[in-house]
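Take a look at the structure set out below.
The values are calculated or read from the model by the stated rules, or taken from the named source; none is laboratory data. Quick caveat: nothing in here was measured; it's all calculated off a predicted structure. Cβ atoms come from the backbone with ideal geometry, glycine included; neighbour counts cover every protein chain shown.
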4 protein chains.
Amino acid sequence: MIKVGIVGGTGYTGVELLRLLARHPHVEVEAITSRSESGLGVCELYPNLRGHYDELRFSEPDPQRLGKCDAVFFATPHGVAHALAGELLEQGTRIIDLSADFRIRDAELWAEWYGQPHGAPELLEEAVYGLPEVNRERIRSSRLIAVPGCYPTAVQLGFLPLLEAGLVDPQHLIADCKSGVTGAGRGAKVPSLLAEASESLKAYGASGHRHLPEIRQGLGDAAGDNVGLTFVPHLTPMIRGIHATLYGRLTSEPGDLQKRFEERYANEPFVDVMPPGSHPETRSVKGANMCRLAIHRPGGGDTVIVLSVIDNLVKGASGQAVHNLNLMFGFDETAGLDAPAIMP
Amino acid sequence: MIKVGIVGGTGYTGVELLRLLARHPHVEVEAITSRSESGLGVCELYPNLRGHYDELRFSEPDPQRLGKCDAVFFATPHGVAHALAGELLEQGTRIIDLSADFRIRDAELWAEWYGQPHGAPELLEEAVYGLPEVNRERIRSSRLIAVPGCYPTAVQLGFLPLLEAGLVDPQHLIADCKSGVTGAGRGAKVPSLLAEASESLKAYGASGHRHLPEIRQGLGDAAGDNVGLTFVPHLTPMIRGIHATLYGRLTSEPGDLQKRFEERYANEPFVDVMPPGSHPETRSVKGANMCRLAIHRPGGGDTVIVLSVIDNLVKGASGQAVHNLNLMFGFDETAGLDAPAIMP
Amino acid sequence: MIKVGIVGGTGYTGVELLRLLARHPHVEVEAITSRSESGLGVCELYPNLRGHYDELRFSEPDPQRLGKCDAVFFATPHGVAHALAGELLEQGTRIIDLSADFRIRDAELWAEWYGQPHGAPELLEEAVYGLPEVNRERIRSSRLIAVPGCYPTAVQLGFLPLLEAGLVDPQHLIADCKSGVTGAGRGAKVPSLLAEASESLKAYGASGHRHLPEIRQGLGDAAGDNVGLTFVPHLTPMIRGIHATLYGRLTSEPGDLQKRFEERYANEPFVDVMPPGSHPETRSVKGANMCRLAIHRPGGGDTVIVLSVIDNLVKGASGQAVHNLNLMFGFDETAGLDAPAIMP
Amino acid sequence: MIKVGIVGGTGYTGVELLRLLARHPHVEVEAITSRSESGLGVCELYPNLRGHYDELRFSEPDPQRLGKCDAVFFATPHGVAHALAGELLEQGTRIIDLSADFRIRDAELWAEWYGQPHGAPELLEEAVYGLPEVNRERIRSSRLIAVPGCYPTAVQLGFLPLLEAGLVDPQHLIADCKSGVTGAGRGAKVPSLLAEASESLKAYGASGHRHLPEIRQGLGDAAGDNVGLTFVPHLTPMIRGIHATLYGRLTSEPGDLQKRFEERYANEPFVDVMPPGSHPETRSVKGANMCRLAIHRPGGGDTVIVLSVIDNLVKGASGQAVHNLNLMFGFDETAGLDAPAIMP
């Protein structure tokens, strides 16, 4: 059993970590922090956890105590991991950061999109982007993981096989993404009210969204070049789920696209290439650490469409974080992540 | 007061016609037909109409009786209007067909997509495609209107200003569309159950959907050439609403796109070009005969994004049908269509 | 045309007043106030109103300007109408208060439930409880109307025929009520987020809710005695609608209950007694100023069940407010309130 | 490892059994039957199960093959278990029936409510009503279990402590119950469409529902007498969940009700008595085999309110069925049932 801490545990990725770790055979949650709810029992805030974490209470973030953990998850707004990471690493604690703090390798680019200076540029070099389907080996030995964002996970897994094989024009990629409202977090904001967000659908950030540079970086790595990406996220009236509809223009005859995808992900426990003609539903991954993909090429033309679905809180956040933990500590990759999605 | 009939009144476009016509100052509903529910009071099926249509009952479709109406709406599956239109036109009744029967000018193309021979090719020449923003004058004098489909309405109104001005590459248009479930009609099908469609989102028909040839025809007219269109519809967990996210590639510097759109629709009562930077929500048109548009050009690059929202049952069906009626009979265009959307 | 003002117009009852008044033939909205949004165009906050109120902006509440209106609606939290009512009445402006300020006749009881002293006890005597089905004549001549709460409207209309006729034991009434989330207002609170309130249902205030004394007062008037009422409200995952399930114990053989209800409400334009055996759906009144009722007596036993549905924002708030306005100014009772519910 | 079969596996209780059994350490699913989908892979119908049951296909119900299983679940409409149970029992297969076939001990009463003669009255004597909180010991040794209905589970667990202690008037019990739509099954019916059931709420069966005699039987056992129960179920716009709001009239001073409930369920792994003042949300048990209860006594009066929530597909069906299996085969009671609810 290893001991883990969770910094910033009151949000949706925090409670989702607790849900997944409740069944993890090798992990014990030692501490969970929250400045605003310090002292409160986690089950008072999340009664679904009654019977699982009856003794666990939110505490003030204490680097000493966290430093006694084998690993610490950050489920915090950006900037927090910057401030604490160095101190924890010095104590030998490994870090799995679900925030955006270490996702972008270029500190200036980060500062531009997040509107504040990067707080720990000295750690960027050793930070590993925690997309296991790309960086599995580097993750195993890393001390500091930047867990990918939800949109970036869905978009990259869909585009990677095309870009790695040089099949599509990297200058004209389109990612039309639809997300459930938990993507906006647990903050009390009017647009996230049921009365506002239910029975409606809207785009947002059509002219620029913070996940854009992260996706560009990942796709650029795969393409071996800068990419041109149009990314439009949409808010949809559901709790969980991301559906990325990806459009690429084929530059030559691609051969059997289905087979290419199946081979790319043949050994991946958390990527499922659906049969030809499929239209994956977001509910087919609800609560599960899984990305399901389907490939379409209408009329045999020059446009390829990839449909990619994940649960934004699992494969798009907390589940992927646990997957990284499993790799870092040599556990079975699926430990704690083996439950099927809940449907209906 | 004119007298109108509704053929096939038990579906969602039928009840929506009744809702809108309940407040129309110049229209009286003379007959509403349904083979399956003949004899039933409309308010027994639709209690929201109690107090408005207490005497109206569904009746067998009787061409004699319908022929006494000034106008007849078809709110039927495809094929029905084919069978009845000729006989009604002979009796001097004007037809407003909400089905797909007369939307596509090419009878063979129609037959290909609908899997059966076209039933009234002799009427195609005089049928007018009832998109008032394009065909207003022809609609006024027409006897036979093909009301556009829901997706085609949202997509065409968004792309028209760009194509008419030749600003985008007509060979590489993308329409990523999201619809509420009423788009699938009132049929009892498992995938439309709340337990199946709620809390989920999926694409469908990614390799080809019946609205594709209709949209291509309309966009081709605007472009003066064949167009290449990738169209992916999605089913979303809400009752009403379509959100079309449209992507075009600019072929040259387009000037002030916002102004172009505003000028194109300056005199249109049912198209609203939102201020720059807007992201229209589908709920902003719920229950109203309105299309709201917003234009984005991320980073000043070569991709233009148009966001287009309608209520699929109103501007995408019954409201647009009433608009056509108003034009045909010389009523105020907004008669019966002047209520704001309901929000929240 | 009369001129009206709306104090506190950013909430849901405010925008609903605007939606209804947009089609009212005799009313012009002169001013709408909001301290927090002063200067903002109402259509910027509520784009569904674009085209209807393009010139109207939220303004600071100015008693001088409001005093020039024929009537002023208060769509405010409790306490605001207390502070302004006297000054407006002095200027000859009639007041229709949608808040709780004047609903309870006993100032001390009010203070007990609202946790602050009553701010205008001197006005209580002339305030009229604006339930037209009970107080129609007094409303016509009133200067100050307390519009009933949403739960109180649904519960009273269901119990009144039983209590007025002395058919049920007034000491053991049960009202199990289910409400959509707009009942909680537009405030940004975590429990009202879609991610929290969707796909779930809970009771709240089971040990006491502010609407309890208001309901007790109204039912007591009908019964001619104090009543014993157990009232449990529930939060349900929908935007609009209240479903009150009412249980009474018959004290003697009641005769034809259906007929009693039909007779009681025979001349009421906004109460609809459904046929025997009905189960009214909240959606059958969505957007409409209507209460639909059904009466059940399982097994011919001593328990009578009344099912009562309203739209909490219309018959439970803004629609009933307009109904009061119509009575006060001698307009047709249904002016602005004649649209059918929207369904589906 | 034991081998189990599932008869009628295409419905919601069938797929839920598969989801729960996917993680059961001692169970292997040997066969799953469906007349309509014979030959289809279960993962084609339920893609959430991909990776878990890739080889499992629906087959025709074959008593020989089912007879080789240690236990068979019936997830069928009523009547099916009647027809097959005898033959399976003879082969030594134990039966866990999720349908209503063996819930009511009186064959004539069953016939009255289900409109057909009871098909296996000779088995009624040995059938055990599978509510572990009442019949744990009898379940262990039983060959034939009638798993309680969803409403009956929520209502009985809430009323039992009151009735067993004789604290409330057994003649005037009220159960106002709210259910998600999966309670109506996976049948393609218009009222269950998202477009019909979403954004609305209604009562149904107010004059009599099939779960009524089952609940009366269970409560009568607890009270030691016939009970008078008014039971009104409601359809609510969510997928899963039942919220039972229970009203009883105290006949004498009851002492510490909270403590009574806590003691009654002190050793029950799947009943959670919440702290005083709680209002359990249905989502707090989503996907979990748990019933959460809260007790209220407004104003210290003579009415006691119990709030009882379950997931209708888990503690109200498949989870309770697995709990019975665990008891019958001597497994840990929580085997396969230890995952926390998913929230949000």
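Of everything in segment B:11-36 that's touching a Phe, Trp or Tyr at 6+ places or on another chain (Cβ under 7 Å) and in contact (Cβ under 8 Å) with a residue 40 or more places away in the chain, which residue is farthest from B:Gly287 (Cα to Cα)?
Across segment B:11-36, the extreme among qualifying residues is B:His26.
Need the failing condition index for D:Val134 against (1) within 15 Å of the chain's Cα centre (by Cα); (2) under 24 Å from D:Pro63 (Cα atoms); (3) surrounded by fewer than 23 Cβ atoms within 10 Å (Cβ to Cβ); (4) among the hydrophobic types (A, V, I, L, M, F, W, C), just the number.
Of (1) within 15 Å of the chain's Cα centre (by Cα); (2) under 24 Å from D:Pro63 (Cα atoms); (3) surrounded by fewer than 23 Cβ atoms within 10 Å (Cβ to Cβ); (4) among the hydrophobic types (A, V, I, L, M, F, W, C), only one is false for D:Val134: (2).
Of the numbered conditions (1) among the hydrophobic types (A, V, I, L, M, F, W, C); (2) part of a helix (DSSP H, G or I); (3) in contact with a Phe, Trp or Tyr (Cβ under 9 Å, 6 or more places away or on another chain), B:Leu337 satisfies every one except a single condition; which is it?
(2)
Could you please let me know if D:Glu253 is assigned to a loop (DSSP other than H, G, I, E, B), farther than 16 Å from C:Met238 by Cβ and more than 8 Å from chain C (Cβ to nearest Cβ)?
Values: assigned to a loop (DSSP other than H, G, I, E, B): yes; farther than 16 Å from C:Met238 by Cβ: yes; more than 8 Å from chain C (Cβ to nearest Cβ): yes.
Yes, satisfied.
Would you confirm whether any residue within segment D:25-35 is within 14 Å of chain A (Cβ to nearest Cβ) and over 28 Å from D:Ala188 (Cα atoms)? Give the steps one after another, and end with the answer.
Going through segment D:25-35, the residues within 14 Å of chain A (Cβ to nearest Cβ) turn out to be D:25, D:29.
Still in the list and also over 28 Å from D:Ala188 (Cα atoms): D:25.
For segment D:25-35, residues within 14 Å of chain A (Cβ to nearest Cβ) and over 28 Å from D:Ala188 (Cα atoms): present.
I need the full set of residues from segment B:277-301 which are of a type in the set (Val, Ile, Thr) and either free of Cβ contacts under 8 Å to residues at least 24 places away in the same chain or within 8 Å of another protein chain (Cβ to nearest Cβ) (or both), in order please.
Selection gives B:Thr282, B:Val285.
Do we find a residue being in a loop (DSSP other than H, G, I, E, B), over 24 Å from D:Pro213 (Cα atoms) and aliphatic (A, V, I, L, M) anywhere in segment D:17-36?
yes
Quick one: is A:Thr13 within 14 Å of chain D (Cβ to nearest Cβ) and polar (S, T, N, Q)?
Yes: the conditions hold for A:Thr13.
Under 24 Å from D:Thr282 (Cβ atoms), part of a loop (DSSP other than H, G, I, E, B), out of contact with any strand residue (DSSP E or B) (no Cβ under 6 Å at 6 or more places or on another chain) and not basic (Lys, Arg): is that true of A:His78 in this structure?
So A:His78 does not fit the description; no.
Just checking, how many residues over segment A:37-67 are touching a residue at least 40 places away in the same chain (Cβ under 8 Å) and out of contact with any Asp or Glu (no Cβ under 7 Å at 6 or more places or on another chain)?
Number satisfying all stated conditions: 3.
Within segment D:272-284, can you find the residues that are assigned to a helix (DSSP H, G or I) and touching a helix residue (DSSP H, G or I) at 6+ places or on another chain (Cβ under 9 Å)?
D:Arg283, D:Ser284 - these are the residues of segment D:272-284 that are assigned to a helix (DSSP H, G or I) and touching a helix residue (DSSP H, G or I) at 6+ places or on another chain (Cβ under 9 Å).
For the list (1) out of contact with any Lys or Arg (no Cβ under 7 Å at 6 or more places or on another chain); (2) assigned by TED's automatic domain parsing to the domain that holds A:Thr303; (3) not in a helix (DSSP H, G or I), I need the number of the one condition that A:Gly119 fails.
(2)
What pairs come up if the first residue lies in segment B:328-344 and is within 11 Å of another protein chain (Cβ to nearest Cβ) and closer than 23 Å to C:Val15 by Cα, the second is assigned to a loop (DSSP other than H, G, I, E, B) and small (Gly, Ala, Ser), and their beta carbons are under 6 Å apart, counting only those six or more places apart or on different chains?
B:Pro340/C:Ala22; B:Ala341/B:Gly287; B:Ala341/B:Ala288; B:Ile342/B:Gly287; B:Ile342/C:Gly287
Would you point out the residue of segment D:203-231, among those that are of a type in the set (S, T, N, Q) and either in contact (Cβ under 8 Å) with a residue 12 or more places away in the chain or closer than 24 Å to B:Ser198 by Cβ (or both), that is surrounded by the most Cβ atoms within 10 Å (Cβ to Cβ)?
For segment D:203-231, the residue satisfying everything is D:Thr230.
I'd like to check something: does segment B:41-54 contain any residue that is touching a helix residue (DSSP H, G or I) at 6+ places or on another chain (Cβ under 6 Å), of a type in the set (Phe, Trp, Tyr) and within 16 Å of B:Met1 (Cβ to Cβ)?
Checked segment B:41-54: at least one residue is touching a helix residue (DSSP H, G or I) at 6+ places or on another chain (Cβ under 6 Å), of a type in the set (Phe, Trp, Tyr) and within 16 Å of B:Met1 (Cβ to Cβ).
Only residues that are assigned to a helix (DSSP H, G or I) and either touching a Leu at 6+ places or on another chain (Cβ under 9 Å) or under 13 Å from B:Ser179 (Cα atoms) (or both): list them for segment B:285-323, please.
B:Pro298, B:Val314, B:Lys315, B:Gly316, B:Ala317, B:Ser318, B:Gly319, B:Gln320, B:Ala321, B:Val322, B:His323
Going through segment B:243-259 one residue at a time, which ones are within 25 Å of the chain's Cα centre (by Cα) and either closer than 16 Å to B:Glu133 by Cβ or among the charged types (D, E, K, R) (or both)?
B:Ala244, B:Leu246
Those residues that are in a loop (DSSP other than H, G, I, E, B) and within 14 Å of chain C (Cβ to nearest Cβ), I need them from segment B:47-69; list them, please.
B:Arg50, B:Gly51, B:His52, B:Tyr53, B:Asp54, B:Leu56
Looking at C:Ser284, C:Ser318, which one is in the same structural domain as C:Gly180 (by TED's automatic domain parsing) and of a type in the set (Ser, Thr, Tyr)?
Criteria check complete, one pass: C:Ser284.
What tally of residues in segment C:232-253 results from selecting those that are surrounded by fewer than 19 Cβ atoms within 10 Å (Cβ to Cβ), touching a Leu at 6+ places or on another chain (Cβ under 8 Å) and not hydrophobic (A, V, I, L, M, F, W, C)?
Summing the residues that are surrounded by fewer than 19 Cβ atoms within 10 Å (Cβ to Cβ), touching a Leu at 6+ places or on another chain (Cβ under 8 Å) and not hydrophobic (A, V, I, L, M, F, W, C) in segment C:232-253 gives 2.
Might you let me know whether segment A:189-206 holds any residue that is more than 21 Å from the chain's Cα centre (by Cα) and among the hydroxyl-bearing types (Ser, Thr, Tyr)?
Yes, segment A:189-206 contains a residue that is more than 21 Å from the chain's Cα centre (by Cα) and among the hydroxyl-bearing types (Ser, Thr, Tyr).
Taking interchain pairs and intrachain pairs at least six residues apart, which have beta carbon atoms under 6 angstrom, with the first residue in segment C:302-319 and facing another protein chain (nearest Cβ under 9 Å) and the second buried (at least 24 other Cβ atoms within 10 Å of the Cβ) and small (Gly, Ala, Ser)?
C:Ile305/D:Ala206; C:Leu307/C:Ala294; C:Leu307/D:Ala203
Working only within segment D:163-173, note down all residues that are on the phi < 0 side of the Ramachandran plot and either surrounded by 24 or more Cβ atoms within 10 Å (Cβ to Cβ) or more than 8 Å from chain C (Cβ to nearest Cβ) (or both).
D:Leu163, D:Glu164, D:Ala165, D:Leu167, D:Val168, D:Asp169, D:Pro170, D:Gln171, D:Leu173
Out of curiosity, is D:Glu262 within 12 Å of chain C (Cβ to nearest Cβ), part of a helix (DSSP H, G or I) and over 21 Å from the mean Cα position of the chain (by Cα)?
Criteria not met by D:Glu262.
Just one of (1) surrounded by 22 or more Cβ atoms within 10 Å (Cβ to Cβ); (2) away from chain A (no Cβ under 14 Å) trips up B:Glu268, so point out which.
The failed condition is (1).
Kindly indicate whether any position in segment C:80-89 is buried (at least 16 other Cβ atoms within 10 Å of the Cβ) and under 18 Å from the mean Cα position of the chain (by Cα).
Within segment C:80-89, one or more residues are buried (at least 16 other Cβ atoms within 10 Å of the Cβ) and under 18 Å from the mean Cα position of the chain (by Cα).
Could you look through segment A:177-202, keep only residues that are in contact (Cβ under 8 Å) with a residue 60 or more places away in the chain and more than 7 Å from every other protein chain (Cβ to nearest Cβ), and pick out the one that is farthest from A:Gly241 (Cα to Cα)?
If we filter segment A:177-202 for residues that are in contact (Cβ under 8 Å) with a residue 60 or more places away in the chain, which is where we start, we get A:177-180, A:182-183, A:185-186.
Cutting the leftovers down to more than 7 Å from every other protein chain (Cβ to nearest Cβ) gives us A:177, A:179-180, A:183, A:185.
Values: A:Cys177: 10, A:Ser179: 6, A:Gly180: 5, A:Gly183: 9, A:Gly185: 13 Å.
Result: A:Gly185.
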